[in-house]
Amino acid sequence: MMFSFRKIFKYVWPQMRKRKWVFFCIVVVFSSRVFFGEIVIPLYFKKIIDIFSKGLGSPEIVSYDIYKLLFIIIGIHILVFFIARIIKFVLLKFEVDVIRDLRNFAFQKIENHSQTFFANTFAGSLVTKARRFVGGFEITFEIFLYNFLKFFVILTSVFVVLIYQSQIISLVFGIWVVVHMAIVSFLVKRKVAYDLSEAEQDSRISGRLADVFSNILAVKFFSARSKEIDSFGKYTAEGAKRSKKASFMGAKIDLIQHLLIICVQGITLYLVITLWLQGQISTGTVVLIETYMVIVSNNLWEFGNSLTRFMKSIADMQEMVDIFEIIPDILDPKNPEALKMKEGRIIFHNVSFKYQMGEEVLTDFNLDIKPGERVGIVGHSGAGKSTITKLLLRFNDITEGSITIDGQDIRNVTQDDLRSVISYVPQEPILFHRPIKENINYGKIDASQEEVIDVAIKAHADDFISKLPKGYDTLVGERGVKLSGGERQRVAIARAMLKDSPILMLDEATSSLDSISESYIQDAFTELMKGKTTIVIAHRLSTIQKMDRIIVLDKGKIVEEGTHKELLSKDGLYADLWNHQTGGFLQ
């Protein structure tokens with residue numbers, strides 16, 4: 001577990017280090033408050049008790065000494081009060097700033113992963129892990145300050161004071177503390193395994209919950225409510241089982257701690273009374289030692305409970321750190337080249353690619369697309385059409401060969417730079433739960449309202465947007481669920497138009513439109529494609545009849561290419577696909 005803590009600290013400390021002087025100031029000032037409040041004040045009470053018990057000197061002198069000590073104690077209380085208030089405000093600001101930076105860091109680390117990572121990971125589970133990572137820092141830092149640091153200051157100071165008061169008591173005290181901490185640490189280490197198991201199941205529950213809610217229409221369509229409730233119940237039952245194991249282990253730790261404290265307090269009280277009867281310690285020393293024993297016992301108890309909570313929070317943070325430790329499968333070059341892609345000439349040269357644990361999709365694939373050329377790509381499902389778009393966008397990296405744009409290898413520039421020259425409209429529109437305007441100008445944040453409306457008109461989206469209650473400020477719902485499929489697609493098309501990149505990529509971009517809307521969009525695309533290198537992935541062959549060239553794929557290889565008329569005249573695979581669709585068959 002110590003190794004895991006070091007891994008976690010590796011990611012947390014850089015955010016704290018930005019404010020290291022504030023952190024060290026908090027540690028020093030807080031330690032001073034603990035020292036004066038928990039150690040110094042009892043020492044002055046000891047002196048008062050000794051004066052009471054001895055009764056030496058005239059009443060005036062005794063009164064003077066007592067009141068002097070009383071005013072010192074009050075002064076220390078006032079000092080401790082102001083230190084506590086100051087440290088509280090500084091601590092709050094420190095925690096808020098570090099938590100903000102940790103949230104940003106976690107977001108950036110997660111976002112840096114490839115599409116494959118997100119395809120294999122529950123979004124709900126990721127959100128839960130990120131939330132627990134940040135929440136875990138807040139808990140662990142406060143435990144470190146208010147429990148561990150406080151306990152260390154008290155322990156060290158009490159031990160030093162007791163050496164001067166009674167070496168026997170200090171020896172018993174030292175042995176007790178070492179034994180107590182060793183036993184509790186051993187038990188807490190065992191409990192960590194239960195905490196990790198509990199956190200793991202909690203992430204599964206969150207992932208299951210998000211999976212059901214994001215597919216709630218399918219649940220209702222198939223009347224699967226009872227099935228999902230039963231299935232979710234199994235997840236929560238397992239979660240409860242693991243939580244009980246962790247809780248019961250925590251209860252055992254509490255019981256053992258209690259027994260240890262009772263034993264040592266009994267032994268200490270016996271020794272103190274014996275030493276007092278023998279005249280080796282004063283009455284004030286008896287009170288001081290018992291006061292310190294109560295303080296240390298309470299803090300030892302808190303240490304055990306805090307260590308349990310600390311380790312549980314570490315376990316919660318561990319899941320997110322494990323994701324931080326995963327090296328993204330798509331990385332930017334260490335020394336990226338300046339972007340030189342302006343014309344849009346695309347060359348696939350001897351490209352081979354296969355998905356992990358899958359068959360090879362492309363083998364020695366070659367394709368040369370000239371600047372401004374409009375190319376349609378067709379073929380049966382699994383032929384490799386969508387793979388070409390993923391490779392060009394670097395959602396996946398090729399196994400062999402190269403892909404260049406204007407002579408520049410796409411792996412030599414950053415992913416952001418590469419994707420800045422490509423406008424992409426996927427088959428399934430991707431919309432944020434934000435206003436329509438923000439969804440349209442997502443690729444060009446500084447676009448004016450007039451530019452947004454202009455592309456919306458060209459995409460035939462303005463008609464339905466202007467009829468909405470809040471127009472372009474209307475929230476579209478999660479993944480755009482408030483809009484119809486065709487409306488979502490038109491918003492996505494408007495967004496691609498506004499981005500205005502030299503390369504345009506359409507992955508069955510009109511699949512969700514009715515015939516009338518599609519004819520309007522085709523006119524808009526004709527205008528949009530002017531001067532742009534265009535790749536259209538199509539299942540509906542009617543959408544690519546006017547392409548300059550049509551590429552026909554089969555099992556990752558180009559088997560035919562030419563214009564629509566040329567391919568029909570060859571009476572090959574393209575003609576077969578065309579006849580199936582025009583004959584009323586679905587492909």
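The values are calculated or read from the model by the stated rules, or taken from the named source; none is laboratory data. No experiment lies behind these values; they were computed from the predicted model shown. Every residue, glycine as well, gets a Cβ built from its backbone with ideal geometry; the counts of neighbours run over all protein chains shown.
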(message) Being buried (at least 17 other Cβ atoms within 10 Å of the Cβ) and of a type in the set (Gly, Ala, Ser) is the filter here; which residues of region 350-402 pass it?
(response) Gly376, Gly379, Ala383, Gly384, Ser386, Gly401
(message) Being surrounded by fewer than 18 Cβ atoms within 10 Å (Cβ to Cβ) and among the polar types (S, T, N, Q) is the filter here; which residues of region 306-335 pass it?
(response) Asn335
(request) Return yes or no: is Lys46 at pLDDT below 85, touching a Leu at 6+ places or on another chain (Cβ under 8 Å) and in a helix (DSSP H, G or I)? (result) yes
(message) Show me the helices (runs of 4 or more DSSP H) entirely contained within region 513-587 in which 1 or more residues are at pLDDT 80 or above.
(response) 564-570, 573-582
(message) Would you confirm whether or not region 163-184 contains a residue that is modelled with pLDDT of 80 or more, out of contact with any Ser or Thr (no Cβ under 8 Å at 6 or more places or on another chain) and either crowded, with 18+ Cβ neighbours inside 10 Å or not aliphatic (A, V, I, L, M) (or both)?
(response) no
(request) Just name the residue that is nearest to Pro333 (Cα to Cα) out of those in region 87-122 that are aliphatic (A, V, I, L, M) and surrounded by 13 or more Cβ atoms within 10 Å (Cβ to Cβ). (result) Ile110
(request) Filter region 304-342 down to the residues that are in a helix (DSSP H, G or I) and among the basic types (Lys, Arg), then identify the one that is farthest from Ile503 (Cα to Cα). (result) Arg309
(request) Any chance you could count how many residues in region 450-471 are part of a helix (DSSP H, G or I), under 35 Å from the mean Cα position of the chain (by Cα) and farther than 27 Å from Leu418 by Cα? (result) 2
(message) Contact list please: Cβ distance under 9 Å, first residue in region 152-178 and polar (S, T, N, Q), second residue exposed (fewer than 14 other Cβ atoms within 10 Å of the Cβ), pairs at least six apart or on different chains.
(response) Ser166/Gln280; Ser170/Val160; Ser170/Tyr164
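Do any helices (runs of 4 or more DSSP H) entirely within region 79-171 hold 3 or more residues that are polar (S, T, N, Q), and if so, which?
Working: elements: 115-119, 123-143, 150-165.
It comes to 123-143, 150-165.
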(request) Return yes when Ile99 is without any contact (Cβ under 8 Å) to a residue 40 or more places away in the chain and either within 25 Å of the chain's Cα centre (by Cα) or not assigned by TED's automatic domain parsing to the domain that holds Asn305 (or both) and no when it is not. (result) yes
